[in-house]
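For reference, the structure is listed below as structure tokens.
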Amino acid sequence: MNDSRKIKLPPARYEYGGDEFVFVQLDEAMSLDVNFKAVSITQHLREKELPGIIDICHANASYMVRFNPDKLHPDNLIAELKKIEESLVDEAQIELRTQVIDIPVMYQDPWTHETLMRFRDRHPDPQSTDIEYVARVNGYRTTEDFIAAHCGSPYLVTMVAFTPGTSFCYQLVPPEERIEAPKYIRPRTDTPERALELGGSFSNIRPVRGAGGYQLIGMAPAPMFDPNQSLVDFQEFIAFLKPGDIFKYRRIDRDEFDRIRAEVEAGTFEYRKRDFTFHSDRSLEDPKAYNEEILGVLYGD
Amino acid sequence: MAIRIVSPGLLTTVQDAGRPGKYDIVLPPSGAMDLFSYELGNYLVGNEPDAAGLEITYFGPRLQFTEDAIIALTGAEMPPRINGDEVATWEALQVRAGDVLSFDYLKAGARSYLAVAGGIDVPASFGSRSTYTYIGIGGYKGRALQEGDELHIGESRNGAGHVGTGVTPDQIPTFSDESELRVIIGLCSYLLTEESKEEFLGTEWTVTPDADRTGYRYRGGVLGFVEREQPSGAGSGPGNVVDINYPMGSIQVPGGEPIVLARDAITGGGFATIGTVITADLDRLAQTKTNDKTRFRSVTLDEALQARKQRRGQLEKIKSAFNG
């Protein structure tokens, strides 16, 4: 492993979450490095199979463990976690046996446009549409250039939380290419189901309709959440994306949008997906080349 | 069929001991909000401690039994009647086919529990019968009970063994409209200003109408965060963090007002958390309601573990009295 790619993060903060939880903040800022570290520590913790552990889940730059303190004292757990953290100082790359997925999206769709126009008074720039705004604040000359960047490189699901189907998706690009967007000044009271949204440095497709503060930039024809589990991708669980999943947004036009909608309605739609083993060190060393390889796996056959 | 819902009350759901171990697939712990009262109800009717019962919120339902059953009512003071006659709470009762159970107005607390020998028989969803209405899983069709619903009762383990036996008065929790919840300050509390830390613990907070199984929101002050340059990936406000997981019982302060997440907690998000209500006091939280007063008291981990042990000891003592 190249020395310059060794993870340099501040010391982790270990905190009690009442008597049943320990919360560990690895860094205040989001980065691929810190997310990989959270994944790595939680993977190692799972392998230890400590008695008394109830939940292990990683977030973007932190993780949380729930346990039965009658079986595992929180201070003993923290001691174990520190040991794992120390053991990973020089070896923090992760290997994820995951899948790479094709997620069709229509940018600048009529439905999110209708929604965002109703809430201009809550937006940092009422004169622009959301996508014009995020293109400009990220230095893109045109919305077309922004769209090309947003769907050009694949994403990693760095966290799932809130409610089933909500994912935090972080693009596998070097820091200087990262797209970031402020949220609405005051949250909207409405967001359509399947809206493609962007807030902070995370993109997400909305599992269900509801309030929201992310910028609305498009619409997906296929769901992220299927409580009836009618589509084949939802047979095991009601939500689609899992932490560690890798996917690419693929820009589609209205005709293809309508075609996929009809397949979803008929219950025949299935996401294109291929098995893939992701190596974090390769992504951090040469993201462009590694992304080409990822897309080759997804679309090569 | 064994229980017909004549009228559902304000919010009556099937709950059991919860759905632990599912945070990573974005399912909260769920389960009865006041686990103490719920578990005690199960002892009274001779059930396993995690058999499913009904959680009755604020305003009671009207239920007709279509077969004989042994029941117990615990939790909030909401005087029950069978065929119009007042009956005892915290005690195992025999009901007969055709009997109608109804409730008077709530007098104290917020949530009552109906335990039935054999438990409410609904299919388990992700390892639990608890209703999580937000996404419609568990319980009866994933939702609160409605007029005309019909519930089945499971097979009872040990018949009428406990009918007529109850909990001694000193073992019955009392519910006041002024509560103190013990918290372990921490998580992201370093982001709060010093004055706000003091204000949080020094204020008598009022429960707002936003008080449900997901969380309780309070008013009575506005807490503030230290101004700083926001880290990459966090939201733009000083109370925003790069999205974290939220423990059950954790406290966040969006807009300056505290919210305590309850058993149907959302599992994570981008608001800074400042501490966690200890598990021994989640039963107490469940019995508070809109306009009640709440104070938060800071305790150490050792005190939290001691309180946990004491609560468990109390339950074991009551349980052994029934099995003895």
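The values are calculated or read from the model by the stated rules, or taken from the named source; none is laboratory data. All values reported here derive from a predicted model rather than from experimental measurement. Every residue, glycine among them, receives a Cβ derived from its backbone with ideal geometry; neighbour counts consider all protein chains shown.
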With outside the structural domain of B:LYS22 (by TED's automatic domain parsing), of a type in the set (Phe, Trp, Tyr), within 30 Å of B:GLY75 (Cα to Cα) and touching a residue at least 60 places away in the same chain (Cβ under 8 Å) as the only criterion, which of B:TYR246, B:TYR218 stands out? B:TYR218
Expected single match for under 30 Å from A:ASP275 (Cβ atoms) and outside any loop (DSSP other than H, G, I, E, B) among A:VAL134, A:VAL157 is A:VAL157
Checked against (1) within 14 Å of chain B (Cβ to nearest Cβ); (2) surrounded by fewer than 23 Cβ atoms within 10 Å (Cβ to Cβ); (3) not polar (S, T, N, Q), A:PRO243 satisfies every condition except (2)
Mind checking which pairs have a first residue in the stretch B:225-241 that is closer than 15 Å to B:TYR190 by Cα and a second that is surrounded by fewer than 15 Cβ atoms within 10 Å (Cβ to Cβ) and modelled with pLDDT of 90 or more, Cβ under 7 Å, 6 or more apart or different chains? B:PHE225/B:THR193; B:VAL226/B:THR193; B:PRO238/B:VAL226; B:PRO238/B:GLU227; B:PRO238/B:ARG228
Filter the stretch A:144-169 down to residues that are over 30 Å from B:GLY215 (Cα atoms) and without any contact (Cβ under 8 Å) to a residue 24 or more places away in the chain and give me whichever is surrounded by the most Cβ atoms within 10 Å (Cβ to Cβ). A:GLY152
Quick check on the stretch B:299-318. Is at least one of its residues outside any loop (DSSP other than H, G, I, E, B), touching a strand residue (DSSP E or B) at 6+ places or on another chain (Cβ under 6 Å) and within 20 Å of B:GLU195 (Cα to Cα)? no
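Quickly run through the stretch B:182-199 and pick out the residues that are assigned to a helix (DSSP H, G or I) and touching a helix residue (DSSP H, G or I) at 6+ places or on another chain (Cβ under 9 Å). Give the steps one after another, and end with the answer.
Start the filter on the stretch B:182-199 by keeping residues that are assigned to a helix (DSSP H, G or I), which leaves B:189-191, B:194-199.
Listed by number, the residues that qualify are B:SER189, B:SER196, B:LYS197.
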Which listed residue, of B:PRO238, B:PRO247, B:PRO169, B:PRO209, is more than 30 Å from B:ALA92 (Cβ to Cβ) and modelled with pLDDT under 95: B:PRO238
Considering only the stretch B:244-258, state which residues are within 14 Å of chain A (Cβ to nearest Cβ) and more than 12 Å from the chain's Cα centre (by Cα). B:ILE244, B:ASN245, B:TYR246, B:PRO247, B:SER250, B:ILE251, B:GLN252, B:PRO254, B:GLY255
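Right, B:VAL183: modelled with pLDDT of 95 or more and among the hydrophobic types (A, V, I, L, M, F, W, C) or not?
Yes; evaluated as a whole, the condition is true for this residue.
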Kindly indicate the residue of the stretch A:247-301 that is in contact (Cβ under 8 Å) with a residue 40 or more places away in the chain and of a type in the set (Val, Ile, Thr) and also nearest to A:HIS150 (Cα to Cα) among those meeting that condition. A:ILE252
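Taking the condition under 21 Å from the mean Cα position of the chain (by Cα) and over 30 Å from A:LYS242 (Cα atoms), does B:ALA69 pass?
Details: under 21 Å from the mean Cα position of the chain (by Cα): no; over 30 Å from A:LYS242 (Cα atoms): yes.
Here the answer is no, as B:ALA69 does not meet what is asked.
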Taking the condition of being farther than 17 Å from B:LEU285 by Cα and of a type in the set (D, E, K, R), how many residues in the stretch B:297-311 meet it? 3
Scan the stretch B:124-142 and give yes if some residue there is farther than 19 Å from B:ALA52 by Cβ, aliphatic (A, V, I, L, M) and part of a strand (DSSP E or B), otherwise no. no
Based on what the data block shows, is A:PRO192 more than 21 Å from A:TRP111 (Cβ to Cβ), surrounded by fewer than 22 Cβ atoms within 10 Å (Cβ to Cβ) and not polar (S, T, N, Q)? no
Got at least one residue in the stretch A:82-96 being assigned to a strand (DSSP E or B), within 23 Å of the chain's Cα centre (by Cα) and more than 12 Å from every other protein chain (Cβ to nearest Cβ)? yes
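Go through the stretch B:127-159 and give me each residue that's basic (Lys, Arg) and at pLDDT below 95.
The one that is basic (Lys, Arg) and at pLDDT below 95: B:ARG157.
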Just checking: which of the strands (runs of 3 or more DSSP E) contained wholly in the stretch B:52-120 hold 3 or more residues that are free of Cβ contacts under 8 Å to residues at least 40 places away in the same chain? B:80-82
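Identify, from the list B:LEU261, B:LEU301, the residue that is at pLDDT 95 or above, within 19 Å of A:MET64 (Cα to Cα) and surrounded by fewer than 22 Cβ atoms within 10 Å (Cβ to Cβ).
Step by step, each of B:LEU261, B:LEU301 is checked, and only B:LEU301 is at pLDDT 95 or above, within 19 Å of A:MET64 (Cα to Cα) and surrounded by fewer than 22 Cβ atoms within 10 Å (Cβ to Cβ).
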I'd like to verify a number: residues in the stretch B:182-236 that are at the interface with another protein chain (Cβ under 9 Å from one of its Cβ atoms), of a type in the set (Ser, Thr, Tyr) and over 26 Å from B:MET33 (Cα atoms), how many? 3
Please go through the stretch B:263-289 and pick out each residue that is away from every other protein chain (no Cβ under 13 Å) and more than 20 Å from B:GLY202 (Cα to Cα). B:ASP283, B:ALA286, B:GLN287, B:LYS289
When A:PHE269 is evaluated against the numbered criteria (1) away from chain B (no Cβ under 14 Å); (2) more than 17 Å from the chain's Cα centre (by Cα); (3) under 30 Å from A:PHE36 (Cβ atoms), which criterion, by number, is the only one it fails? (3)
Looking at the stretch B:167-180, can you tell me whether even one residue there is crowded, with 17+ Cβ neighbours inside 10 Å, touching a residue at least 60 places away in the same chain (Cβ under 8 Å), more than 30 Å from B:ILE70 (Cβ to Cβ) and not aliphatic (A, V, I, L, M)? yes
For a quick check of your reading of the model, give me the residue pairs whose first member lies in the stretch A:41-57 and is more than 9 Å from chain B (Cβ to nearest Cβ), whose second is of a type outside the set (D, E, K, R) and assigned to a helix (DSSP H, G or I), with beta-carbon atoms closer than 6 Å and at least 6 apart or on different chains. A:ILE41/A:ILE84; A:HIS44/A:ILE84
Of (1) within 14 Å of chain A (Cβ to nearest Cβ); (2) surrounded by fewer than 24 Cβ atoms within 10 Å (Cβ to Cβ); (3) closer than 30 Å to B:GLY313 by Cβ; (4) of a type outside the set (Asp, Glu), B:ILE25 satisfies all except one. Which? (3)
Residues in the stretch A:62-76: is at least one closer than 30 Å to A:PRO175 by Cα, in contact with a helix residue (DSSP H, G or I) (Cβ under 9 Å, 6 or more places away or on another chain) and within 7 Å of chain B (Cβ to nearest Cβ)? yes
Output the residue which, of all residues in the stretch B:45-56 that are buried (at least 24 other Cβ atoms within 10 Å of the Cβ) and at pLDDT 95 or above, is nearest to B:LEU282 (Cα to Cα). B:GLU55
